[in-house]
Amino acid sequence: MVARATGRVNLIGEHTDYSDLPVLPMAIEHSVFVAALGRDDGLIEVESAGFPGKATISRHEPRADEPWQRYIVGALAQVADIAPGRGAKLLVSSGLPATGGLSSSSALTMGVLAALLAAWGEPFDPAAIARRAIVGERHVGVESGGMDQTVIAFGRAGNALRIDFRPPSHELVPLPDGLAFVVASSGEEAPKGGSARDAYNERVVGARIAAAMIADQVGLDLDLPITLGQVSTVDVVDIIVDGLPEKVSPQEVAHGTEVDLQHLVQLTMANFDHMAKVPVKRVARHILSEAERVDEAQAALIAGDLRRFGKLLDESHNSLREDLRCSTPALDRVCAAMRRAGAYGARLTGAGFGGYALAACAPADVAVVIEAAIAATGGPAFEVHASNGLELL
Ligand code: GLA
C-alpha cells in the first residue's frame with residue numbers, strides 16, 4: 001500500500017485556524033509518499049529515504065528518538081483502537097522541504113495514517129484520517145489548528161479550499177486563469193516540532209486571552225475551547241481590541257475575570273507558563289483582520305481581480321510582521337524581492353518564524369519571480385500548482 005500526502009500552501013488566513021476563523025489554502029504537488037506492508041507482531045518498523053534513523057516502534061508503548069519519528073508516534077496513538085495486534089513496515093520518502101511553511105509534518109502524519117489503515121484493511125476515509133491527524137500532531141507539542149490536515153484531505157487540482165471551523169465545513173474555490181504561485185525559502189529553518197513551537201503556542205494563548213477579555217467586557221459566555229472566533233462578530237469588536245493590554249499573563253486575566261486559568265493555559269502536552277506575559281492586543285488585531293481578508297481574497301479570486309488578491313497578500317504579510325510578529329528579516333526581504341520582480345503580492349506562508357514565503361504572479365513572470373527570490377535569500381524557490389490531496393496509489 002502506498003499513500004501520497006501532499007504539502008500545502010496557505011494562500012491567506014494565517015494564524016486564524018486555532019481561533020476557529022477561516023483559512024484559504026491549496027494542496028500542492030510536492031508530496032510525502034508512505035509505503036506500508038502489514039505484519040502481525042504489533043511492531044511498526046520505519047525507515048526514510050530522506051530523514052535520519054531507522055526505528056522499531058511498539059504499538060503498546062510508542063516512543064521514538066528522531067524528531068520526525070515523533071509524528072509517527074503521535075499518529076499511532078490515534079489508531080490505538082484499530083486493528084490491535086497488527087504492525088507494519090513503513091517506508092517514507094519526502095519531496096517536501098521540512099524547514100517550515102509547506103506542511104511536511106502534516107503530510108507525514110496523514111500519509112502514515114492513510115498507509116497504515118490501508119495496510120490493515122480499513123476503508124479509505126480522508127475526513128476521519130484528518131481528524132485523527134489533527135489530534136496526533138499536537139503530540140509534538142504545537143497547539144496547531146486544523147488547516148493543514150483538512151486541505152491535505154480535501155484539496156483538488158485547480159482549486160483553493162476555503163475552510164471554516166465553527167461549524168466545520170469546506171468549499172472549493174476555483175482559481176482563475178492567469179494566476180501562478182511561487183514559493184521561496186527564507187533560508188531559515190522553522191520546523192514546527194522545534195524552534196518555532198514556543199513562539200507559536202504563545203500566539204495561541206494570547207488569542208485565548210483576548211477572547212476571554214472581550215467576552216468578559218460584553219458579558220458573553222464562551223464555549224470550550226475558548227476561541228476568538230466566538231467573539232469576532234461582537235459589535236465594535238475592533239474598538240474593544242484597541243483597548244486590550246499589549247501584554248498580560250494568563251494568571252492576571254484569570255484573576256480579573258470569571259475564566260478558569262486552565263482553559264487559558266492547557267496545551268495538549270503541557271501547561272503554558274501561567275505567569276508569562278503574552279502579547280494580546282496585536283495578536284487579536286491580526287487574527288480578526290486576517291479573517292476579513294480571507295473573505296475579501298475569496299471574493300477577489302471569484303471576480304478574477306488578481307491585483308486586489310495580491311494586495312491582500314501584501315496586507316496579510318504586513319499584519320503578520322507588525323501585529324502577529326512572526327516574520328523575519330529574510331522573509332520580509334524575499335517577499336519584497338518577489339514584489340519588485342512583478343508579483344501581484346507576496347507574504348510569508350505557514351506559521352512563519354522562518355520557513356517559506358508565497359508569491360502570486362502572472363504565469364509569464366514566474367521565472368523572474370523565482371530568480372529574484374533566489375537572489376534575495378539563496379533559495380530554493382519554485383512554482384507550485386493546486387493539486388489533488390491525499391490519495392492511495
Ligand atoms: C501551522 C499550523 C496551522 C496554522 C498555521 C498558521 O502551519 O500547523 O494549523 O495555524 O501554522 O496559519
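The values are calculated or read from the model by the stated rules, or taken from the named source; none is laboratory data. Only a predicted model underlies this, so the values are computations on that prediction, with no experimental measurement involved. Note: ideal-geometry Cβ built from the backbone for every residue, glycine included; neighbour counts use all protein chains shown. Keep in mind that these areas ignore ligands, DNA and RNA; they rest on the heavy atoms of the full protein, side chains included. Shrake-Rupley method; radii C 1.70, N 1.55, O 1.52, S 1.80 Å.
For the stretch 150-162, just list the computed ³J(HN,Hα) in residue order, Karplus coefficients 6.51, -1.76 and 1.60, θ = phi - 60°, integers in Hz, with x standing in for Gly and Pro.
Result, ordered by residue: 5, 6, 5, 6, 10, x, 10, 3, x, 10, 8, 10, 7 Hz.
What whole-number distance in Å separates the alpha-carbon centres of the stretch 9-75 and the stretch 156-189?
21 Å
What ³J(HN,Hα) values, in whole Hz, does the Karplus curve 6.51 cos²θ - 1.76 cosθ + 1.60 give for the stretch 376-384 when θ = phi - 60°, with x put for Gly and Pro?
Once θ is set to phi - 60°, the couplings for the stretch 376-384 become 6, 10, x, x, x, 9, 7, 7, 10 Hz.
Working with all protein chains in place, sort Thr150, Thr56, Thr349, Thr268 by solvent-accessible area computed with a 1.4 Å probe, largest first. Mind showing how you got there, number by number?
Numbers: Thr150 20, Thr56 90, Thr349 0, Thr268 60 Å².
If we order Thr150, Thr56, Thr349, Thr268 from most to least accessible, we get Thr56, Thr268, Thr150, Thr349.
Apply 1/(1 + (r/R0)^6) to the Cβ-Cβ distance of Glu246 and Val218, taking R0 = 30 Å, and write down the FRET efficiency to the nearest 0.05.
Working: r = 21 Å, r/R0 = 0.70.
According to the calculation, E is roughly 0.90.
Quick one: pull the percent of accessible area on the stretch 1-104 belonging to carbon and sulfur, 1.4 Å probe, ligands and nucleic acids left out. Could the numbers behind the result be given before it?
Values: 2090 of 3850 Å².
Whole-percent figure for carbon plus sulfur exposure: 54.
Highest mean first, how do 118-131, 331-344, 174-187 rank when packing is the count of other Cβ atoms within 10 Å averaged over residues? Let's see the in-between values first.
On the way: 118-131: 16.8, 331-344: 22.5, 174-187: 20.0.
Packing proxy ranking, top to bottom: 331-344, 174-187, 118-131.
Return the distance in nm (one decimal) between the two label points of a simple spin-label model at Glu45 and Leu261, each offset 7 Å from Cα along Cα→Cβ.
5.0 nm
When the chain is modelled as a GNM with alpha-carbon springs shorter than 10 Å, which of Asp164, Asp20, Asp238 fluctuates the most?
Asp238
Cα to Cα, under 16 Å, and not fewer than 8 places away if on the same chain: which lysines meet these conditions relative to Lys54?
Lys89
Just the Cα atoms of the stretch 1-108: what Rg and Dmax do they give in Å?
Using the Cα atoms of the stretch 1-108, the pair Rg, Dmax is 15.3, 45 Å.
Where does each of 103-109, 225-231 land if you order them by average Cβ count within 10 Å, highest first? Before the final figure, lay out each step's value.
Values: 103-109: 30.1, 225-231: 21.9.
For the peptides 103-109, 225-231, the packing ranking is 103-109, 225-231.
Just to check I understand the Karplus step: with θ = phi - 60° and J = 6.51 cos²θ - 1.76 cosθ + 1.60, what whole-Hz values come out for the stretch 79-91, glycine and proline as x?
Result, rounded to whole Hz: 10, 4, 7, 9, 6, x, x, 7, x, 6, 9, 10, 10.
So, in nm, how far is label Glu292 from label Ser58 when the simple model puts each one 7 Å beyond its Cα toward the Cβ?
Computed distance between label sites Glu292 and Ser58 equals 5.6 nm.
What residue among Gly354, Gly111, Gly95 has the largest mean-square fluctuation in a Gaussian network model of the chain, using Cα springs under 10 Å?
Gly95
If you take the beta carbon distance between Asp198 and Arg307 as r and set R0 to 45 Å, what does 1/(1 + (r/R0)^6) give as a FRET efficiency, to the nearest 0.05?
Details: r = 38 Å, r/R0 = 0.84.
Given R0 = 45 Å and the Cβ-Cβ separation, E is 0.75.
So how strong a dipole does the chain carry about its Cα centre when Lys and Arg Cβ are +1 and Asp and Glu Cβ are -1, to the nearest 20 debye? Numbers along the way, then the final one.
Working: 34 positive and 49 negative charges, 157 e Å.
Here the size comes out at about 760 debye.
Compute the distance in nm between two label points, each set 7 Å from the Cα along the Cα-to-Cβ direction, one at Ala299 and one at Arg156.
Each label point lies 7 Å from its Cα, and together they span 2.4 nm.
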